[in-house]
Amino acid sequence: MILSNAREKIELYNQLCLHHNLVADGVYEARTSHDDLFSIDYLPYLVAALISFDLGRTMGKGAENKYDVAAGGFATKLYEKLQSIKPRVQHLINTRLCEVDLTNEATNIMGAYEELAAGGQVGLNPKGARFHVGATKILHFINPELFLIIDSNAARAFRSSHNLNYRNTTQPGYSAEKYVKCLAYAEADIIAFGVDDFFSLEIGVPMARIYDKLSFATGSDWP
């Protein structure tokens, strides 16, 4: 299960993924000083997080393309999409995973996910491919207390621990519906574990980030 051997998994993650922790902590700190997480001012932190969390090759070439909203590239499209999803998720930016009412919020979350994950000319991937993993990473760095990152490792963990019908491949069949199911399973796991006990696993780390470390470790077959 994802929360089994939790302390050992987090300890190993922190040893092997220091680069992710350093960037994540910096973005979380910046998040606290920005009133509008969908603004041009916060966008560079989202871009830095995506690059550091292994998505740089899917964002097109050049720093100007990635960071300059006026350049007509990735940053331009990301800013437009942030404005599009803002009405759907702005009210959730201070909500924790253990508190969210997924019955009422599923439509909003799936709508935001679909907007960010869209392919084709309007998509964030310059080659037109879908941007599923990137969508979850953008949502996570908007609210790391609520939104999980779902990559192939996390998908493998949800497949083995909760029988969620992801394929055991590098393209496991992501979807907005499965993303909401992941949130629901994670919420149930945390509540069953005990919210206070869960937070004690890593003091000061956002709730969804703790769970991300555990799902990544589980999908990687760590202890």
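If you average over every viewing direction, what projected area does the convex hull of the Cα atoms of the stretch 1-118 give, in nm²?
9.0
Run a plain Debye calculation on the stretch 82-167 (Cα atoms as equal point scatterers, no solvent) and give log10 I(q)/I(0) at q = 0.11, 0.25 Å⁻¹, rounded to two decimals, same order as the q list.
-0.32, -1.30
Select from Gln90, Asn65, His162 the residue farthest towards the positive end of the dipole of the chain; place +1 on Cβ of Lys and Arg, -1 on Cβ of Asp and Glu, and compute about the Cα centre.
The Cα lying farthest towards the positive end belongs to Asn65.
Take the Cα pairs of the stretch 6-219, get the Kirkwood Rh, then feed it into Stokes-Einstein at 10 °C and 1.306 mPa s and tell me D in µm²/s.
D, rounded to a whole number, is 92 µm²/s.
Going by C-beta contacts inside 10 Å, put Thr136, Thr103 in order with the fewest on the left.
Lowest count first: Thr103, Thr136.
So which of Lys61/Lys86; Lys137/Lys181; Lys81/Lys137; Lys77/Lys127; Lys77/Lys137 end up more than 20 Å apart, counting from Cα to Cα?
As for pairs spanning more than 20 Å Cα to Cα, those are Lys61/Lys86.
If one puts a single equal scatterer on every Cα of the stretch 1-51 and applies the Debye formula without solvent, what log₁₀ I(q)/I(0) results at q = 0.30 Å⁻¹?
The computed values of log10 I(q)/I(0) come out as -1.07.
Mind checking which of Arg57, Arg31, Arg96 has the largest fluctuation in a GNM of the chain, springs on alpha carbons under 10 Å?
Evaluated over the chain, the most mobile residue of the options is Arg57.
Report the one residue of Leu16, Ser39, Val27 whose Cα lies farthest in the direction of the positive end of the charge dipole of the stretch 1-52 (charges on C-beta: Lys and Arg +1, Asp and Glu -1; origin at the Cα centre).
Positive-most Cα among the choices belongs to Leu16.
Could you line up His162, His20 from fewest to most neighbouring Cβ atoms inside 10 Å?
His162, His20
If I model a spin label at Ala70 and Ser39 as a point 7 Å from the Cα along the Cα→Cβ vector, what separation in nanometres do I get?
Roughly 1.9 nm, to one decimal.
Bear in mind that the values in this text are calculations on the coordinates, not laboratory data. Quantities reported herein were computed from a predicted structural model and do not represent experimental measurements. Virtual Cβ from ideal backbone geometry, glycine too; neighbours counted across all protein chains shown.
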